[in-house]
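Working notes, structure below.
The values are calculated or read from the model by the stated rules, or taken from the named source; none is laboratory data. Keep in mind that this is a model prediction, so the values were computed, not measured. So basically every Cβ, Gly included, is an ideal-geometry build from the backbone, and we count neighbours across all protein chains shown.
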Amino acid sequence: MRPFEYVRTHDMAAAVALVSADPQAEYLAGGTTELDLVLKDGVLEPGRLIDITRLPLRGITCAEDTLRVGALVTMNELAADPTVSERVPFVREALLAGASPQLRNMATIGGNLLQRTRCRYFRDATVPACNKRAPGSGCAAVRGPARMHAILGASEHCIALHASDLCVALVALDTVVEIQGVDASRSVPLTQFYVLPGDRPDIENVLQHGELITRIRIPLLPVGMRSGYLKVRDRASYEFALTSAAAALLIEDDTIVRARLALGGVGTVPWRALEAEEILHGAPATRRTFRAAAEAALRDPFTVAGTAFKIELAQRTIVRILQEASGVQS
Amino acid sequence: MTTATREKVIGEPVDRVDGPAKVTGTAHYPSDFTFPDLTHAVLVQSTIAVGTIRGIDAARAEAAPGVLAVLTHENAPALVEAPVTLVDGPPPFPFKDNRIVHRGQHVAVVVARTHEQATAASRLVEIDYEEAAAVLRIDDPRAPVMPDRFAGLSGRGPGDVARGDVAAALASAEVVYDETFTTAPVTNNPMGLFATVARWEDDQLTVHDANQWPTMVRKTLATVFDLSETDVRVLVPYLGGGFGNGLRAWPHVILTALAARVVGRPVKLVLTRPQMFTSVGHRPESLQRVRLGASRDGRLVAVAHESTSTIGSLDNGQIEPVTQVTGNAYSCPNVATHDERARLNIPCPHSMRGPGTTQGNFALESALDEVSYTLGIDPIELRLRNYTEVHPVSGQSWSSKSLRQCYRAGAERFGWERRTPEIGSMRDGNWLVGYGMAGVTFTPGEAPCQATVSISRDGTAHMRSAATDLGTGTYTIATQVTAELLGLDFDKVHVEIGDSDLPSAPYSGGSALAVSLSGAIEDAIRNLVGALLDVVADDESSPLRGRSPDEVTLGNGGIQVADAPAIGETYLDILNRHGLPEITAFGERDPWANPASRPLGSFAAWFAEVRVDADLGLPRVARMVSAVDAGRVLNEKLARSQMIGGAVMGIGMTMLEETVFDPNTGRIANATFGDYLIPANADVPDIDVVFVGTPDEVRPIGIKGLGEIGVVGVSAAIANAVYHATGRRIRSLPITIEQLL
């Protein structure tokens, strides 16, 4: 750990200006990622941390079938929101499947979107090869033991996983991210917020340095659309997903009218399964349809020895959540 | 001399005497100790697995704020070689020369005024390595093999067994079984990070240290620093667990004392969680082969069990006794077992709760389960057909053995009769349900131990010994034993342990401490009574005048004549009348000088219900039952907690835990609690424990020891249940979802 300056500000414009002007500055919100990587692992070495927890970015409001969630709302606050339980219950399920109660009390929604990968090669500064940490240095995870890693959007450059549960449900809902820069604000759909690693795994999203997530907008599901989040993990609680799936289905007369599907535990980014959704749209709600959708969702994986099992497991996870959301067992 | 208390305290589920201190924060663990001029040390560890250090540039670290010293093999004073202990040889000392034998080897110690300064500076030490090819796989033909050299924890006897003609018996057996098993390396991971605080006053060294054996650490430090043992004091009044980690004086302990001497100020070193994976041992990986020959009616005619376990390069550690108990588990005329170790460039493995036996039981009890399906015999019935009333290796009868009752009581509480034998026949929705069981034969240890017992005029008694309390309850059970034998109220007895200046005690390990310490307490009280009777030998006002220890009993706070209980007096009366503030007696027991007349064993049966999701392959342990014969149980509540704790550890190594060594670099790929999974509460089902059996006739207080047996048998019971649920026979731990998809 190298010494850093800590600044707490109550003014959003000042915070954005401070970070934008200083390439060594980073935001500090709940701290559940930042403190690990800065203080314990020594992987990030910011010169200055700007504490944004006093900025007016809290509160959850609902209007016109859209939930507006401040970036500093905590995971537990969002999980406790009645509209979430009623209209997007799989968001609540995903939130409560993540982390631990203690962490959920600290971790913010904005921070959840920006959480860094759990890849232990990234998080260990004694590992020289990590394209995400040191661009161009290679990827040790591809050659070493790797199990909790991505198989979609991955390549020999990087197999680091985006481990969020919440974002899987959010990306299925076409959530929109509101961003504040020095001169302007903008909105980006979450499906376009993340950047596939390609040969620059260090670039994880479209944020410019200094841009701040202020709020997210979650479109609510139509009444009658059933949703679910299924997380498959080795440990029964407090553990990241091996595979997970968030699904929402609207079924009329045994036919799938609308479908949303996203995957966790497999992607370098929260993975929206658009090809699978296309198969589901208009198809009969049967196990056969679900299996076809699952196979479409896992097309073109990049696996290493330790992650090959995730193809089949993810497909079975998708079939199970579609069965549960539809009530169709056979 | 006998004891005739009105109210027995041995066996009672009394609360921990150290409980209030622990929950109020007044129990001081090694890392809690501090001094006004305390400094802090942080380790720098090798980032290569094998090779040499070409050079070290510590200039930037030395110039960093607050730094007092940077110690490396280049500037550290030479030390004397550490001694061989009762258990094994010392781990290799890393600062002896420029050789690197494993990744994570300590290569420098940075001492600074604050922990943060030392941590920051530790990242500035630049090491220039010359890397060589590492040997990192247990089956690597380049790995040198270490045969059975040390016998393991003393009292466990030599390792390999050979009786009868195994080859001939296998060749002619009606049913032959031959399979290979592997168990992953797993890491002890006590909750308390190991820490050392060292302080020199002239040539006297005081060390607060996380360990399970203060007198061994004292001897090691005295030897390496060329001091008299009386000039070294090792204190560990409380310890945040160990599970075997604390049975060695690891290099960081010596380096902390060395750093304190170099900087001339007290030094504290606390290992980080990742360093706990590389610095204080782990359960080694095992590769085992089990061959069984049996008749069609389920009688074993041959058992062959061979195992290779990993060990560190240059390590003088003990053999890992994986197959040791196999020769004593069942009645079989032809048995051959063999243990050896493969030397790899990995951090030294060492003892972890039930070392060896835990891994070996998994293979043997899984193999028996497989044979039970081959023959169509109920798994319990198969074990009963091969039950042995005698200790097979010696041919003598066991000092006590209630394994039959373990099977019966365990099966009843578990509801074994509800099991339908066909695979996959017990389904509940998406869950495939399986029942499995395993038998356990375990050899607990014992070791020489000393203690003093004092009675004071304030009505209290003190028991003192250099033993430790791992957190399992030594304070409490020693209080119970002392109170009951003296015939004093429980709250009048105080126990002082965890200090090497106290009478010598063995390790908290090998399930040996409770029995060893109880034997010493018994002897001390016998001597105390003798001393009290000596005091009143010519005392005309004493009703006990002229009595010998054989003629009296203890109870109600004093001594009475055995065949005339109305005649007697209290301890206080004697002390008061003779103006004695206190009277103290020393006691000891050496089971090695006078070995028990009959062989000893603890026994158990584990039962597990496992549920596996039929589509997802997700395995979950639904409930477990254990029936245990550990002789007399000193404290029912603590004993149950010991068994439950063992089961949780067993569930961990069976379902979740694996210390993953990168086969290319030797780096541990998951050395954090975010990556190395231990069971969370949600992974721990209802665990029902029942104690059966009788007090052992041969050992003090009738104790056989149950510190380790809780972890043994868990893996096989679960794996056997997984097979019953799914038809998948998993011979490789941990059992993971990818094996069940």
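Quick look at the numbers
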item	result
Check on B:Asp469, part of a loop (DSSP other than H, G, I, E, B) and either buried (at least 24 other Cβ atoms within 10 Å of the Cβ) or modelled with pLDDT under 95 (or both)	yes
Meets criteria (touching a residue at least 24 places away in the same chain (Cβ under 8 Å) and under 30 Å from B:Thr476 (Cβ atoms)) for B:Leu221	yes
Residues that are closer than 10 Å to B:Ala304 by Cβ and either of a type in the set (Ser, Thr, Tyr) or within 33 Å of the chain's Cα centre (by Cα) (or both), drawn from region B:163-176	B:Val166
First in region A:29-47 and within 16 Å of A:Arg2 (Cβ to Cβ), second anywhere and at pLDDT 90 or above and small (Gly, Ala, Ser), Cβ under 7 Å, 6 or more apart	A:Asp41/A:Ala125; A:Gly42/A:Ala125; A:Val43/A:Ala125; A:Pro46/A:Ala25; A:Gly47/A:Ala25
Failed criterion for A:Cys62 (all others in (1) closer than 30 Å to A:Val304 by Cβ; (2) in a strand (DSSP E or B) hold)	(1)
Residue selected from region B:722-738 under the condition touching a Pro at 6+ places or on another chain (Cβ under 9 Å) and assigned to a helix (DSSP H, G or I), by the criterion nearest to the other protein chains (Cβ to nearest Cβ)	B:Ile737
Complete set of residues in region B:298-319 that are in a strand (DSSP E or B) and closer than 15 Å to B:Ala143 by Cα	B:Ser307, B:Thr308, B:Ser309, B:Thr310, B:Ile311, B:Gly312
Complete set of residues in region B:586-606 that are touching a Lys or Arg at 6+ places or on another chain (Cβ under 8 Å) and within 30 Å of B:Tyr723 (Cα to Cα)	B:Gly601, B:Ser602, B:Phe603
Hey, B:Arg611 surrounded by fewer than 24 Cβ atoms within 10 Å (Cβ to Cβ), in contact with a Lys or Arg (Cβ under 6 Å, 6 or more places away or on another chain) and not in a loop (DSSP other than H, G, I, E, B) or not	no
Residue within region B:685-697 that is part of a helix (DSSP H, G or I), within 30 Å of B:Pro595 (Cα to Cα) and among the hydrophobic types (A, V, I, L, M, F, W, C) present	no
Among the candidates B:Gly617, B:Gly601, B:Gly652, residue that is among the small types (Gly, Ala, Ser) and over 23 Å from the mean Cα position of the chain (by Cα)	B:Gly617
Residue satisfying all of: in region A:124-140; of a type outside the set (Val, Ile, Thr) and at the interface with another protein chain (Cβ under 9 Å from one of its Cβ atoms); surrounded by the fewest Cβ atoms within 10 Å (Cβ to Cβ) among these	A:Pro128
Count of residues meeting criterion [in contact with a Cys (Cβ under 8 Å, 6 or more places away or on another chain), crowded, with 24+ Cβ neighbours inside 10 Å and either within 14 Å of chain B (Cβ to nearest Cβ) or of a type in the set (D, E, K, R) (or both)] in region A:149-181	4
Selection count, region A:101-123, where residues are of a type in the set (Ser, Thr, Tyr), under 15 Å from the mean Cα position of the chain (by Cα) and within 12 Å of chain B (Cβ to nearest Cβ)	1
Within region A:225-308, strands (runs of 3 or more DSSP E) holding 1 or more residues that are surrounded by 18 or more Cβ atoms within 10 Å (Cβ to Cβ) and within 14 Å of chain B (Cβ to nearest Cβ)	A:226-232, A:243-252
In region B:657-684, the residues that are facing chain A (nearest Cβ under 8 Å), more than 19 Å from B:Leu136 (Cβ to Cβ) and touching a residue at least 40 places away in the same chain (Cβ under 8 Å)	B:Thr672, B:Asp683
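One line per residue, one yes/no per condition, for (1) out of contact with any helix residue (DSSP H, G or I) (no Cβ under 7 Å at 6 or more places or on another chain); (2) of a type in the set (D, E, K, R); (3) outside any loop (DSSP other than H, G, I, E, B):
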{"position": "A:Val19", "(1), (2), (3)": "yes, no, yes"}
{"position": "A:Pro23", "(1), (2), (3)": "yes, no, no"}
{"position": "A:Gly30", "(1), (2), (3)": "no, no, no"}
{"position": "A:Asp36", "(1), (2), (3)": "yes, yes, yes"}
{"position": "A:Leu39", "(1), (2), (3)": "yes, no, yes"}
{"position": "A:Pro46", "(1), (2), (3)": "no, no, no"}
{"position": "A:Arg54", "(1), (2), (3)": "yes, yes, no"}
{"position": "A:Leu57", "(1), (2), (3)": "yes, no, no"}
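Per-residue answers, yes or no, for (1) within 12 Å of chain A (Cβ to nearest Cβ); (2) surrounded by fewer than 23 Cβ atoms within 10 Å (Cβ to Cβ):
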| site | (1), (2) |
| --- | --- |
| B:Glu74 | no, yes |
| B:Lys96 | no, yes |
| B:His102 | no, no |
| B:Ala120 | yes, yes |
| B:Ala134 | no, no |
| B:Pro141 | no, yes |
